[in-house]
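Below is one structure; the comments refer to it alone.
The values are calculated or read from the model by the stated rules, or taken from the named source; none is laboratory data. All figures in this text were calculated on a predicted structure; none of them were measured in a lab. We place every Cβ from the backbone using ideal geometry, glycine too, and count neighbours over all the protein chains shown. To get the accessible areas, we keep the full protein, side chains included, count just its heavy atoms, and leave off ligands, DNA and RNA. Shrake-Rupley method; radii C 1.70, N 1.55, O 1.52, S 1.80 Å.
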Amino acid sequence: MSGFEIAWAAWAAAFVVIEGVALKRKQPGDTLSEQVWKIFHTTRDQKADKTTQARRAVLVMGLAWLVAHFLTGGAV
């Protein structure tokens with residue numbers, strides 16, 4: 001395995017541990033999903049501000065690029 005493969009495996013393992021602890025604790029704001037919802041103003045009790053539309057546009061464009069990138073084998 002290369003150094004990058006080891007680093008990505010370690011990153012994935014760290015994510016599983018962090019998310020697992022967050023799910024077990026069941027405290028608001030612990031999980032990755034809850035952090036993403038907070039950053040992109042998608043929770044019901046969160047008020048939109050002047051950056052909300054830009055934040056959401058970045059999220060949609062980033063996810064669209066990531067899907068295209070994976071589906072084309074990196075051609076995009």
Relative contact order for the chain, counting Cα pairs under 8 Å that sit 6 or more residues apart, in percent = 13 percent
Simple Cβ-charge dipole of the range 1-51, Lys/Arg +1 and Asp/Glu -1, about Cα centre, in debye nearest 20 | 260 debye
Of the options Ala10, Ala57, Thr42, report the single residue whose Cα projects farthest towards the positive end of the charge dipole of the chain (beta-carbon charges: Lys, Arg +1; Asp, Glu -1).
-> Thr42
For the chain, give the percent of accessible area contributed by carbon and sulfur heavy atoms, probe 1.4 Å, rounded to a whole number.
-> 69 percent
Considering only protein heavy atoms, what per residue accessible area in square angstrom results for the range 1-75 with a 1.4 angstrom probe?
-> 85 Å²
Per-selection metrics, the chain (Cα): Rg and Dmax in Å | 16.1, 47
